[in-house]
Each structure stands twice: as structure tokens, then as C-alpha cells.
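Every number in this text was worked out from the coordinates using simple rules, so none of it is lab data. Just so it is clear, the model here is predicted, and its values are computed rather than measured. For neighbour counting, all protein chains shown are included, and Cβ atoms are generated from backbone atoms with ideal geometry for every residue, glycine included.
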Amino acid sequence: MPEGLLQAEDVTVRFGGVVALDSVDLEVPSGQIVGLIGPNGAGKTTLFNVLSGVIEPNGGRVLLGGTDVTRWPTHRRGRAGIARTFQRLELFDRLTVYDNLLAAWEGVTPGAVLGRHKSEGRARVAEVIESLDLGALATRLAGTLPTGQARLVELARAIVTAPRVLLLDEPSSGLDDVETSWFAQVLGQVAGARDGEPAVLLVEHDMSLVMEVCAEITVLDFGQRIAHGPPEQIRNDPRVIEAYLGAEIEPEGSAIEPEGAIAP
């Protein structure tokens, strides 16, 4: 596996007497989509919060392109190239889709909120809107969009910042099968589109999506990394099946019981 563009090394997080993460390692190589899966309470969101700077770990470190960013605040990480979406949609409902993207670009561009580099910002927003085919939605208020379109706008808002790493927290939540399939195609186009960037870390409960788009998958359980490898290996790992997948995804060659998506 190539050296990670984003790396977590021996990350430990404690909340009082509860160990949320126990010496967890993670690598997200350039140009790849890496999945992060596990049951509820496994530590996935806590790890996301460590990577994005919301939580400072009790031990270990976070590296971005080889630079230690463990003590950096969230806004500095954002400007350095870490962009994140959230499980719950966090769009600016009363702004248009265009203005949502412009606000995100301004947030990572020095001087932009003071009106500098206006033409550059408009050009970047127009580029992303065109690349994700959002032209018909550009003047719509974000709060009026159905979930599928809103998820795509949230992804666009992250992309407009030209991130080095995208952290996507359950981006298919609320999407139907057709929307999820389209989202998978978009992710494939986005990952590594600029000389191997952005790399993508995907937290997701839709195992069909994870197995389709991810080159590598890391599995957490009770704050510990219990498995890491390509989808075929994870699919057949007895520890992963016992801890998380259960009957949803049987070892390769067995029938898959169509019992619906794993509950978020």
C-alpha cells in the first residue's frame, strides 16, 4: 500500500474512563478511496473528529503529507487541504447552492471574505458546478433540495476548496438505490482527479457502496482496529463478519441475504 497522504499513527482518545480509540493506525493514500467501517460506537466518528481537528487525541499523531498536524485547529487544517462532510446535512439552508459553494471557497482562501480574488472564486465555483452537473440547481435555496441533491451539493461544497483529503461521513444516508449508484460514480470521478488528490476517507454503513468504491477498508470495533485490507479480504475476515457484517455480507462465494441495509 502506498504511503498515506493522510495518516493516523497510534491514535488514542479517552473520555474519562472510556477508551474511544485505542492505538489506532490509518492510512489514506493519494488517489484512493479508503473505507472506515464498524458497528455503532466503534470509534469512527471520534477518529473523524481527530483527523479534522475537532478532538485532540490523548496519544498518537495525525500527519498530512508528512507534516504533523495533530495540534492544528480545524480552520488551519481546512486551509491545508482537509475537507469534511457530516452525517447530518450541514448546508446553509437559506443560501443558494451557488452561494454555499462560494462561502466554502471563501473560508479557505485568505482575504476572500474581504472581497479579494472575486473572479478566482467565481471561476472555481462555476467549474465545480459544471463538473457535478449542478447548473440547474445553482440558484435554488439549499434548504429546498431533496436529500439526494443536497448530498451532492455538500460534496461539491467540499470539493470547491480543492482539498487534498476528503472525509465523507455516511454520504449515502437518505439516498435511494439510484442516487447511491450515481453518488458512487461521482466519487470515482472525484478521487485523485488532480494529480492523485483528493484522497477520500469514507465512513459508510452501505456495504454495497463500500465494497464497490473502496480500494482499502479499515474496520474498527470497540475503538480498536481489527482488520485492514482490500474489500475481498475484509469480506472474508471472520473477525469482521462476527463484529459487524454478520449475515449482511457472507464470505465470497456464499449467498448474500437481501435483508436490507445495515441500520445506521
Multiply the residue gap between GLU56 and ARG71 by 0.36 nm, knock off their C-alpha separation, and tell me the result in nm, one decimal place.
4.7 nm
Taking the Cα centre of each part, how many Å lie between segment 27-91 and segment 213-227?
15
So how compact is segment 62-143: Cα radius of gyration and Dmax in angstrom?
14.4, 41
Of all DSSP beta bridges located in the chain, what percent are antiparallel, nearest 5?
60
Could you work out how far helix 118-131 tilts from the main Cα principal axis of the chain, as a 0 to 90 degree angle to the nearest 10?
50
Kindly work out what percent of the DSSP beta bridges joining two residues of segment 142-228 are antiparallel, to the nearest 5.
50
HN-Hα J in Hz across segment 84-94 - Karplus 6.51, -1.76, 1.60, θ = phi - 60°, x for Gly and Pro:
9, 10, 10, 4, 8, 3, 10, 7, 7, 4, 8
With a cap of 13 neighbouring Cβ atoms within 10 Å, and only residues DSSP puts in a loop, list the trypsin sites (Lys or Arg not before Pro) found in segment 63-104.
ARG71, ARG88, ARG94
Translational diffusion coefficient (Stokes-Einstein; Kirkwood radius from C-alpha pairs) of segment 98-222 at 37 °C, 0.692 mPa s, in µm²/s:
212
As I understand it, the dipole of the chain uses +1 on the Cβ of Lys and Arg and -1 on the Cβ of Asp and Glu, about the Cα centre. Which of VAL160, LEU26, GLY4 lies farthest toward its positive end?
VAL160
Amide H to amide H, which residues 5 or more places from ASN58 or on other chains are under 5 Å from it, using H placed in the peptide plane?
THR12, VAL13, ARG14
With -39,500 (n - 2.57) per DSSP H segment of 4 or more residues and division by the full residue count of the chain, the 222 nm estimate, nearest 500 deg cm²/dmol, is -9000 deg cm²/dmol
Can you give the convex hull volume of the alpha carbon atoms of segment 136-200 per residue, in Å³?
92
Convex hull of segment 1-59 built on C-alpha atoms - directionally averaged projected area, nm²:
4.3
Matching label, semi-axes √(5λ) of the Cα gyration tensor in Å computed from the structure shown, candidates [x] 26, 21, 18; [y] 30, 23, 16; [z] 27, 26, 22
[y]
Between VAL19 and VAL113, what length in nm is gained on full extension when 0.36 nm per residue of separation is reduced by their alpha carbon distance?
29.8 nm
With 27 Å as the cut-off, how large is the P(r) tail for segment 1-142, expressed as percent of Cα-Cα pairs?
35
